[in-house]
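The structure appears right after this line, and notes come after that.
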Amino acid sequence: MIVLPFVFLCVFAVRGELYSALAGMETLLDTQRVIIHTMDEHIQSMERRLGTLKKCGRVGALKACIKFPIEQKQNFSELTTFHSVVLPDENDLDGAAKALLRVQQTYGLKTSELAEGKIFGVTRVLSLTEGDCFELGRQAYHNGFYESALSWLELAKNMSLANAEDANSMPEIQRYLKAAEMEKDRSDFMVFASNLFQLGLMSMNSLEDPNHTRTMTDVALSKNIFMGQANFFDEATYKQLCQSSMRDVAASPSSVLRCRLVSSHPYLVLQPVKEEELWAEPKIALYHGVISDREMDTMKEMARPQLKRAEVAEYTSSLGHRVSDTRVTKIAWLKRGDHPLIPELYARIESVTGLSSVSAEPFQMANYGLGGHFHLHMDVLPDTETYFGPDMGNRVATWMYYMSDVNGGGATVFPRLNITVWPKKGSALFWHNINSNGIGNILTLHGACPVVSGSKWVTNVWYHERGQEFRLKCGKHPDSALLQTNSFKLS
């Protein structure tokens, strides 16, 4: 029996969602390098073995080729390569298509320009093929973006007509085109009816007691938004703010917005913090230069191995969490004991905001890739006891570090206040979430615009009501915003 050396290229595909964070996409670069290096080694091994096979082919030399088991083992060992690599799967291809459609929908990009690889008039990527356009049209159809589906399918049809080799795909394109046209007509009617109903409901509420209905409407609206049901006015404003080229902040009705150096805490006396007011009630402020590059790098390194797809909480008959396209990012949680830096950051935030960290949640780090976003939502939860127990209270405030600059997109927007905040590495956004009556302030409705280019890193810390009893003051009315005290208290 002749034992010949065989080549085994064993590649273990490690399943992992890659598209939802750029940190995952970066692993594909390593995968490419591994595969190229493996193929080079394979070619060299085959060239070496070719000489051995020629020797074995000679009469009388066969026994010499199979005589020594050690040599056989060496042959197999050298020709067998095991690599554990991360490869994209069908889920990643679908996710990438959805991401591109999300970017197109939010920023109003033209199908023809995207197909040519142009984003905002700049050629950034390779042009798309007829197959790519059809796949995007198919994904748009199955996700309810019927207008986008029609434009992508029409483009795929035109490409197919121009290229005789792609003519076989025409029946499938025509089938999807017909279905998309029918669904678009039906969808347009449903959207019109829904918008008309919302307008009627708002008109009826405005005729009733404003002090009573405002609170009740905010409660109902908060629950709807929590379940992913923002109204069409907020949706339209959200897209406009995402597209804006500069931050446009309206004047606050209660005070004059200003920039200042904050040094009210002993920790800040020698190194005041730069505060930029964005809104007075509820308080929304942007703090500049509040975390160093070294600290951000440390936190990213801790987070990378833990990153997993973010989930959203559900408020249905059975509470829980689920993966949703309303939030496409990967997150990791960093606790106090994970690194000495974490308690230092809690203390620093407390010195700036005056809030106690006794009931603060762990640091939640999030990494967004292409099309990564968090659609309109509020940080308060409608049933806080179920999620956090009876003693924590609701999320009274949010502190969010921006840990990277973003080449395109990725802004944080507040549609009710017409505020757009573009990520600036080393800065932090802070706002109060609830009113004096403990109900979520609808003005804090916000969202993270889709990332168009680059990587976006943010870190969120949510502060709860417990421990803030003497740190925050109630306003004059139950539905007025909370007010911050000027005094500091060491925890």
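Every read-out reported here was derived from the displayed coordinates using simple, explicitly stated rules and does not represent laboratory data. This is a predicted model, so every value here is computed, not measured. Here the Cβ positions follow ideal geometry from the backbone for every residue, glycine too, while neighbour counts run over all protein chains shown.
A few remarks follow.
- Placing +1 on each Lys and Arg Cβ and -1 on each Asp and Glu Cβ, with no other charges, gives the range 394-491 a dipole about its Cα centre of roughly 140 debye.
- Structural descriptor for the range 328-470: relative contact order 35 percent, calculated from alpha carbon pairs under 8 angstrom and at least 6 residues apart.
- Given in Å, the Rg to one decimal and the Dmax to the nearest whole number for the Cα atoms of the range 273-356 are 16.5, 45.
- Listed residue pairs exceeding 29 Å between alpha carbons, taken from Lys283/Lys425; Lys118/Lys239; Lys118/Lys456; Lys239/Lys473: Lys239/Lys473
- Normalised size of the range 362-491, defined as Cα radius of gyration per 2.2 N^0.38 Å with N residues, equals 1.12.
- Local net charge near Ile291, Cβ-Cβ under 12 Å (Lys/Arg +1, Asp/Glu -1): +1
- In percent, rounded to a whole number, the relative contact order of the range 402-471 is 44, using alpha-carbon pairs under 8 Å and six or more apart.
- Remark on Gln484: its backbone amide H falls under 5 Å from those of Lys473, a criterion applied only to residues 5 or more positions apart or on other chains, H modelled at 1.01 Å from N.
- In sequence order, calculated HN-Hα J values of the range 407-424 (Karplus, 6.51, -1.76, 1.60; Hz; x Gly/Pro): 5, x, x, x, 6, 9, 10, 10, x, 6, 10, 6, 10, 10, 10, 8, x, 10
- For the range 341-350, Karplus couplings with θ = phi - 60° (6.51, -1.76, 1.60), whole Hz, Gly/Pro x: 5, 4, x, 4, 5, 4, 5, 5, 5, 4
- The mean sequence distance of close C-alpha pairs (under 8 Å, at least 6 residues apart), as a share of the length of the range 309-379, puts its relative contact order at 36 percent.
- Amide H within-cut-off set for Lys330, under 5 Å, with H built and near neighbours excluded: Ala310, Asn367
- Residues whose amide H comes within less than 5 Å of that of Glu465, counting only those at least five positions distant or on another chain, are Asn394, Val396 (H built at 1.01 Å from N in the peptide plane).
- For Val396, net neighbour charge (Lys/Arg +1, Asp/Glu -1) across residues whose Cβ lies under 12 Å away: 0
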